[in-house]
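This report refers to the structure that appears directly beneath it.
The values are calculated or read from the model by the stated rules, or taken from the named source; none is laboratory data. Keep in mind it's a predicted model, so treat the numbers as computed, not measured. We place every Cβ from the backbone using ideal geometry, glycine too, and count neighbours over all the protein chains shown. Ligands, DNA and RNA are stripped out before the accessible areas are found, and what is left, the full protein with its side chains, is counted by its heavy atoms. Shrake-Rupley method; radii C 1.70, N 1.55, O 1.52, S 1.80 Å.
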Amino acid sequence: MQISGSIALVTGANRGIGRHFTRQLLERGAAKVYATARDPEKIDIPGVERLRLDITDPQTVRDAASIASDVTVLVNNAGITTGTNLVTGDLSGIRAEMDTHFYGTLDMVRAFAPILGANGGGAILNVLSALSWFSYDGANAYAVAKAAEWSLTNGVRLELAGQGTLVTGLHLGAADTDMMADYDGDKMDPADVVRAALDGIEAGRIEVLADEWSAHIKASLANDPSAFYSRTGQS
């Protein structure tokens, strides 16, 4: 899959990692980039085609698919974090996380899979998280939603293999974006995250681990979970 000459659509393109995806796709020679957001007027990157898209609104998903029928690369980047726990947290926050990361991403895949197939297969990149693989008190709704999105990614990869669509999952820890503004730990440069992701697509990889933390978390899955959670002070 080559970025040069491709036609890409990025969700949540108005800020953070989505904005970096949009810029780097253009820099790598994408023929067209649809930059989408709930408020497309906030997208200030020249040379893109702005579209209004709320991935939790099926009508705007259908509208975007009808306009962007030439897409060959779909970047499912839009996301939220509500800081909600599962036992005592507000159910509306938990549902919002699932509606965005799982159902919203699935709706995008279902809408654009036929388009990608008709255009030669193309690629889907789902922006996941190291939290796909572990839980953290204070962000458990996000972790559950990202775990579901990881499983979704693996499932649709199998379903779309026959039409030649590459489905890649991107995992990362903390990146220096607005969403992580209140996080005090180390943060990756989002430009580096995006660079790793696009390199992965061009290399045909089905999984990209953007940082050492994500690689560490994945490796820990083969071990006794009590060891991991004791090291992180959660057991």
Can you give the FRET efficiency to the nearest 0.05 for ASP90 and GLU49, using r as the Cβ-Cβ distance and R₀ = 25 Å?
0.10
Here the residues of the stretch 193-235 lying in the modelled label zone of ASP137, meaning backbone nitrogen under 14 Å from a point 7 Å along Cα-to-Cβ, are 229-235
Taking Cα pairs under 8 Å and at least six residues apart, what relative contact order does the chain come out at, in percent?
18
Taking all protein chains as present, what is the carbon and sulfur share of the accessible area of the chain, in % to the nearest whole number, probe 1.4 Å?
50
SER4 paired with GLN163, simple spin-label distance in nm, labels 7 Å along Cα-to-beta-carbon:
2.8
Long-range lysine pairs (8 or more apart or interchain), the chain, Cα under 24 Å
4
Accessible area per residue, Å², the stretch 62-206 with all protein chains present, probe 1.4 Å
43
Here, ARG110 and ARG231, labelled 7 Å along Cα→Cβ, have an inter-label distance in nm of 4.0
The stretch 118-149 and the stretch 2-37 have their Cα centres apart by a whole-number Å value of 19
How much FRET efficiency would the formula 1/(1 + (r/R0)^6) give for ARG38 and ALA191, where r is the Cβ-Cβ distance and R0 is 25 Å, rounded to 0.05?
0.60
Which far-off residues, 5 or more places away or on another chain, put their amide H under 5 Å from the one on GLU49, with H placed in the peptide plane?
VAL33, TYR34, ALA35
Given a Förster distance of 22 angstrom, what is the FRET efficiency for ARG62 paired with ALA31, based on the Cβ-Cβ distance and rounded to 0.05?
0.40
